[in-house]
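The values are calculated or read from the model by the stated rules, or taken from the named source; none is laboratory data. Predicted model only: the values in this text are computed from it and were never measured. Cβ atoms come from the backbone with ideal geometry, glycine included; neighbour counts cover every protein chain shown.
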Amino acid sequence: RTLEFFWLKHFSFVLHECVVQLDMWCSCAPRVKDDAKDDAKLTEILVRLEAAGLAQATAKSVLEQQTLPPAPPLPGDRLRKDGKYDIFVSHAKKLLETEERAVWVSDVAEAHGLLPFFDRSDLIEITEPALKAALLKSEAVVTVLDPYTFYSQWVFKENLFAANIGIPIVVVYDGDRFRWEGQLDKWLRLYPFVFSRQGVLVSK
């Protein structure tokens with residue numbers, strides 16, 4: 001009975017910790033949604049990715065292809081200075097090529113006048129409170145997709161938190177390294193809230 005009591009107490013503690021962690025990521029009140037503003041921001045982000053010279057990005061919906069408008073010209077120094085970010089780059093760190101693609105997304109955004117949040121360059125120490133604070137200041141989340149993306153608790157929590165408070169999410173994946181069908185489409189079935197908007201297939 002003593003052993004049973006110990007395990008019951010231990011399980012209760014673990015359960016409590018899980019609730020605390022989920023509450024931390026999910027309890028914020030949803031922001032006031034502005035679909036027109038969100039769509040305009042995401043279109044701009046996708047256009048910048050497509051226009052990048054580092055690689056040719058082809059915007060593609062999960063279900064259908066969509067043609068993007070030409071990129072409007074940008075002033076020379078457009079990086080925002082209001083303490084907010086245009087995009088939050090979310091990615092798993094298991095594969096080197098995914099890390100490289102995340103750096104590419106950040107570089108492309110910055111080169112085209114958008115201010116990205118990238119944990120490796122913006123944080124000295126990566127912690128949940130710091131990531132949550134950055135998400136709250138971000139206009140959109142760009143999630144770099146690979147076969148291991150949502151095995152990362154960090155990525156899962158980032159995207160769940162963004163979805164819960166109404167931050168739009170767009171996924172980017174490397175079409176030269178990964179296949180959508182049979183390799184990446186499992187994430188659509190498991191986490192449909194991440195795929196409510198068009199994704200970006202990037203190829204060289």
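Put simply, of 94, 132, 84, 157 the only residue that is within 12 Å of the chain's Cα centre (by Cα) and assigned by TED's automatic domain parsing to the domain that holds residue 179 is 157.
When 136, 145, 188 are checked against the criterion of being touching a residue at least 40 places away in the same chain (Cβ under 8 Å) and touching a Leu at 6+ places or on another chain (Cβ under 6 Å), a single residue qualifies: 145. Could you check, for segment 93-110, whether at least one of its residues is assigned to a strand (DSSP E or B) and not charged (D, E, K, R)? So far as segment 93-110 goes, no, none of its residues is assigned to a strand (DSSP E or B) and not charged (D, E, K, R).
For segment 182-192, state whether one or more residues are of a type outside the set (Gly, Ala, Ser), closer than 20 Å to residue 95 by Cα and either outside the structural domain of residue 148 (by TED's automatic domain parsing) or touching a Pro at 6+ places or on another chain (Cβ under 7 Å) (or both). The answer is yes, given that some residue of segment 182-192 is of a type outside the set (Gly, Ala, Ser), closer than 20 Å to residue 95 by Cα and either outside the structural domain of residue 148 (by TED's automatic domain parsing) or touching a Pro at 6+ places or on another chain (Cβ under 7 Å) (or both). Among the helices (runs of 4 or more DSSP H) confined to segment 113-204, the ones with at least 2 residues that are in contact with a strand residue (DSSP E or B) (Cβ under 6 Å, 6 or more places away or on another chain) and either surrounded by 16 or more Cβ atoms within 10 Å (Cβ to Cβ) or modelled with pLDDT of 95 or more (or both) are located at 128-136, 153-164.
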